[in-house]
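Rule-based calculations on the coordinates, nothing more; no lab input. Since we're looking at a predicted model, the values are computed, not measured. Ideal geometry is used to build each Cβ from the backbone, glycine not excepted, and the neighbour counts take in all protein chains shown.
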Amino acid sequence: MTAPEVVAEERLRIEAAQRDPTRFAELYDANFERVYAYAVRRVRNRQEAEDVTAEVFHQALANLGHFEWRGVPFAAWLFRIAANAIADRAKRTARERANPALKLEPEPPFEPIGEHARLYRLVRELPADQRRVIEMRFTEEKTIREVAAELGRSEGAVKQLQFRAIKGLREGMGQANG
């Protein structure tokens with residue numbers, strides 16, 4: 001699909017969601033990974049990033065009728081909502097702690113956000129056993145022993161699944177980056 005076709009398709013998705021909010025799921029699916037990666041990079045805490053991501057899509061759905069197409073990717077609007085949500089949270093936290101000298105993380109460049117989104121997509125495409133091991137090890141932060149016990153496999157089998165998954169992810173990221 002060419003760039004103009006991608007832009008046209010995104011615009012059609014937005015217009016469809018503005019007419020029928022149940023179509024917002026398409027925009028959510030297309031942008032979730034990038035928004036989550038952006039939030040993780042800014043707040044550096046998974047739970048906070050999940051909260052921010054949920055808040056972004058809640059606000060986006062609530063304000064979709066106010067969105068005006070200007071030829072800029074929909075994700076840019078979502079990133080602006082995310083930046084505002086993160087800033088609001090930081091201000092609220094600073095007030096709660098009575099620490100007005102709170103410093104926000106600098107705005108990350110968009111390139112790493114795209115890489116994070118690509119990595120999340122590659123993880124989703126892994127074989128089910130490998131994906132589950134990666135999720136348990138790196139998202140749930142479980143030990144090899146805990147993963148093995150939960151999956152009913154030996155520690156060696158879990159290590160092998162993790163090795164194959166990481167190798168596949170490295171190859172996928174390498175191909176994507178040239």
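Structural remarks
- The label point for ASP88 and the one for ALA149, both projected 7 Å from the Cα toward the Cβ, are 4.1 nm apart.
- Net charge, TYR120 excluded, C-beta distance under 14 Å - Lys, Arg +1, Asp, Glu -1: +1
- A helix-only calculation puts the chain at -25000 deg cm²/dmol for mean residue ellipticity at 222 nm, using -39500 (n - 2.57) for each DSSP H run of at least four residues, averaged over all residues.
- For LYS142, the residues whose amide H sits under 5 Å from its own are ARG137, ignoring neighbours fewer than 5 places away on the same chain, with H placed 1.01 Å from N.
- The chain - charge dipole about Cα centre, Lys and Arg +1 at Cβ, Asp and Glu -1, debye rounded to 20: 520 debye
- Calculated from the structure at hand, Rg/Rh (Cα atoms, Kirkwood Rh) is found among (1) 1.05; (2) 0.94; (3) 1.03 as (3).
- GNM on the chain, alpha-carbon springs under 10 angstrom: the most fluctuating residue among LEU119, LEU151, LEU61 is LEU151.
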